[in-house]
Amino acid sequence: MTDLDQRIASVLREHAEGETDTHRLLRNSRALGRRRQVRRRTATGTALALVGVLGFVGVSGTDLDGLSGRLPWGAATPATAPPVPPRADGVPGAAQRPDLVGSDPQVLHLGIDTGRARYLRWASDGLGGESIRLSVGTGRPVLVEVNRSPQPFEYGIEGFPVPAVPVRPAFDGEIRQVGGTTGGLVKTWQPAPGLYARASILGGGRRALAGAVDALRWDEARRCAAPLKLNTLPEGATVTGCSVDVAAFPGSLTVQLTVFREPASMWVQLLYGAQISGGRAESNRTVGGRPAYLYPAGTKLELLGIPRAHLTADVGGPWTDGYLKDKPTFTEAEMATVLAGAQVAKDLTDPETWK
């Protein structure tokens, strides 16, 4: 049973004795579809960012142990100081204003003690949720997610098999073992009234999970700073999501900004890799006077000429698991509008130049 099947079944069960709420069914289907697309694209970007690093391994003969500090699953402290999202001055943290969590895609209403842990990724999904992936020492990565509603936690954990995750978790603060091929631990709790949180770790121990949870700071707010800013948007569209993955920094990083206009999403991604030798040579489009390339499917446009990086706008193919399958989407001209106004930091490995 897929995530979507579970959500449909849940709604139908609740209304088994009465009229089915079709509006709620469609709304939940749409929200779940967007979350799944965000998770897929973020994971794909991280994997692609590692291609250059792993390609370098194949050429040089260096084994993976030598790269543990730059790979997400190693998470050792790199020689270069890892990026830290800057404070959002004047914005209260989740402990003071839990109602603000997920209200602004450019703000995270929690942080971590950087003396004890390292940021691997920070994100706001534009659907009321915020998340931080972090590591404590050389321990395995821990994903912390927070939302004003318990419902998003009923439908899977990134990296975990769907059947292994409890459909209706109890937010009681207990650490529970999760099955599957790799095994893992999950903790769900309420850090403040009206706020729900989940911490998960694959293949790690209770001490590592507890250490990551203890490193969280609920009384501060951070900006979703990124080396990418979108200055022009299509009419009626807004930026609703922000994700910055620095697990392999400074060797690589991935930034994804979500542009949304009912009922369509556009994913603008900046993929940097120190081992990327050069960009695409051929172009078949011009965007803002610069060469660009429209991929054969017609749903992805890349702005060329950025050293060691790929900047793309992607509207994806027709959805097959949600009600948006045959709905309108963004056009090529609108993708070009976004890329033409995109501002990329001069030094992608210098967080001081990020917006």
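The values are calculated or read from the model by the stated rules, or taken from the named source; none is laboratory data. Since the model is a prediction, treat every value here as computed from it, not as a measurement. Glycine also receives a Cβ, built like all others from the backbone with ideal geometry; neighbour counts cover every protein chain displayed. For the accessible areas, the whole protein counts, side chains as well, though only heavy atoms, and no ligand, DNA or RNA atoms are used. Shrake-Rupley method; radii C 1.70, N 1.55, O 1.52, S 1.80 Å.
The lysines whose alpha-carbon is closer than 29 Å to the alpha-carbon of Lys346, local same-chain residues fewer than 8 away aside, are Lys229, Lys300, Lys355. Of the listed residues Asp172, Asp104, Asp125, the order by accessible area with a 1.4 Å probe, largest first, is Asp172, Asp104, Asp125. Phi-derived couplings, Karplus 6.51 cos²θ - 1.76 cosθ + 1.60 at θ = phi - 60°, listed residue by residue for segment 210-216: 5, x, 5, 5, 5, 7, 5 Hz, with x used for Gly and Pro. Taken one residue at a time, the phi angles of segment 195-200 give Karplus couplings (6.51, -1.76, 1.60, θ = phi - 60°) of 10, 10, 9, 9, 10, 9 Hz. Gly and Pro are set to x. Restriction of the GluC sites (Glu not before Pro) in segment 217-323 to DSSP coil positions whose beta-carbon has at most 11 other beta-carbons within 10 angstrom yields Glu235, Glu282. Couplings 3J(HN,Hα) for segment 81-92, derived from phi with the Karplus relation 6.51 cos²θ - 1.76 cosθ + 1.60 (θ = phi - 60°), are 4, x, x, 10, x, x, 5, 9, 4, x, 9, x Hz, where x marks Gly and Pro. May I ask for the distance between the Cα centers of segment 210-289 and segment 121-146, given as a whole number of Å? About 15 Å separates the Cα centre of segment 210-289 from the one of segment 121-146. Over segment 82-204, with every protein chain in place, what whole percent of the accessible area is carbon and sulfur at 1.4 Å, could you tell me? Carbon-and-sulfur percentage of accessible area, whole number: 50. In this Cβ point-charge picture (+1 for Lys and Arg, -1 for Asp and Glu), segment 156-241 has a dipole of about 160 debye about its Cα centre.
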